[in-house]
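To start, the structure under review is shown below, and the notes come after it.
The values are calculated or read from the model by the stated rules, or taken from the named source; none is laboratory data. Since the structure is predicted, the reported quantities are computational estimates derived from the model, not experimental observations. Heads up, the Cβs are rebuilt from the backbone with ideal geometry, glycines too, and the neighbour counts pull from every protein chain shown. Please note that ligands, DNA and RNA were not included when accessible areas were found on the heavy atoms of the full protein model with its side chains. Shrake-Rupley method; radii C 1.70, N 1.55, O 1.52, S 1.80 Å.
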Amino acid sequence: MDAVAFRIGNALLKQQNKAAIEMTLLGGSYEFEKKTAIVLAGGKMHATVNDNQVPMYKVIPINRGDVLKCGAIRKGARSYLCIAGGFSVDEILGSRSTYLKAGLGGFHGRPLQASDSIPYGKSTIPYHTYQIKVDPFYERKPIRLLKGTEWHEFSPQMQQHFIEQHYTISLEADRMGYRLEGQSAISLEKPFNLLSEAVTIGTIQLPPSGQPILLMADRQTAGGYPKIAQIITADLHRVAQLIPKQPLHFELVTLEQAERAYFQLEQQLRLLETLLRN
């Protein structure tokens, strides 16, 4: 869900795209069976190793028998447990992630349970000893979006109302998508039948209720609701850290602005990854 936190956590361990554990709102307890190193990235949480508090975004050396305890996430929605060499689960369709709704991938296609034992890769030494500050990646500002493919099917008044009104993340929020709650519904100027079309992460659909649905990482591949807008790629990691009942504000940008934002974010991440590899 939060690709930026995932990348930075792995970069601190001098690796790329290694499988990590995603924790949503609440952490867990993990005992290590061999020496390694870990990084906690993403939403801020209280965590300890052998009851000693450990920081976020810093490499933590781990010895055999050490116990990591992760509490509730106090700022944000998702945190990542990155480990040297990555967690060794089978690769399915080019991914080691878990798709819960289909029971596919990851560790037996399900959430982790007590007493599960997951092998992990070999540790390499040395690691960095400094801590990364990631606040610039998570600035508190409106979520930027582009006009959707059915944007022009809405009246100018509805378009403006959609952009300017404040939304709240509903309790109906998971990896598939967020239902947004606004002060008033958004409606088409003239209802029409729409064939199912491709959707992607960040697509905002308008169902008959008039309350938008924001699709996320585990969304379906096609949908038949009008697509009023699309979250820009550079802001998806910030959307992933929103929690239920949290307010959400939009800002409409051009394609050129969205491209510049993406290139700037990617440049920052690649520079950081390059520095951390040395």
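State whether the range 121-266 is rounded, prolate or oblate according to the following rule on the C-alpha gyration tensor (a ≥ b ≥ c being the square roots of its eigenvalues): a/c under 1.5 gives rounded; otherwise a/b larger than b/c gives prolate, and the remaining case gives oblate. Cα axes put the range 121-266 in the prolate bin. Here the simple spin-label model places points 7 Å from the Cα toward Cβ, and for residue 155 and residue 222 these points are separated by 3.3 nm.
Solvent exposure of the range 107-186, expressed per residue, is 63 Å² of accessible area, with all protein chains present and a 1.4 angstrom probe. With θ taken as phi - 60° and the Karplus curve 6.51 cos²θ - 1.76 cosθ + 1.60 applied, the whole-hertz 3J(HN,Hα) list for the range 68-77 is 9, 10, 10, x, 5, 7, 8, 9, x, 10 Hz, x standing for glycine and proline. Working from label points 7 Å from Cα in the Cα-to-Cβ sense, the residue 35 to residue 74 distance is 3.3 nm. Mind checking which of 211, 53, 16 has the largest fluctuation in a GNM of the chain, springs on alpha carbons under 10 Å? Judging by the Gaussian network model, the answer is 53. Take the Cα radius of gyration of the range 38-182 and divide it by 2.2 N^0.38 Å, N being the number of residues; the result is 1.39.
Say we join alpha carbon atoms closer than 10 Å with springs in a Gaussian network model of the chain; which of 214, 93, 13 then has the biggest fluctuation? In the Gaussian network model the winner is 93. Within straight-line reach of residue 227, meaning a Cα separation under 17 Å, sit the following lysines at least 8 residues removed in sequence or on another chain: 147, 190.
Classified by the C-alpha gyration tensor, the range 1-83 has an oblate form. Its axis ratio a/c, with a ≥ b ≥ c, is 1.5 or above, and a/b does not exceed b/c. When the alpha carbon gyration tensor of the chain is reduced to an equivalent ellipsoid, its three semi-axes come out at 37, 20, 17 angstrom, largest first.
Expressed as a whole percent, the accessible surface of the range 142-278 that belongs to carbon and sulfur atoms is 54, based on a 1.4 Å probe.
For the set 34/133; 75/141; 14/122; 35/133; 34/122; 44/69, the pairs lying more than 18 angstrom apart at their alpha carbons are 34/133; 35/133.
Given +1 at the Cβ of Lys and Arg, -1 at the Cβ of Asp and Glu and no other charges, the dipole of the chain around its Cα centre is 820 debye to the nearest 20. With a cut-off of 19 Å on the backbone N, the residues of the range 1-38 near the modelled label site 7 Å out from residue 104 along Cα-Cβ are 1.
The translational diffusion coefficient of the range 51-104, from Stokes-Einstein at 20 °C and 1.002 mPa s with a Kirkwood hydrodynamic radius over alpha carbon pairs, comes to 150 µm²/s.
Calculated FRET efficiency, residue 163 to residue 259, Cβ-Cβ distance, R0 = 25 Å: about 0.80 to the nearest 0.05.
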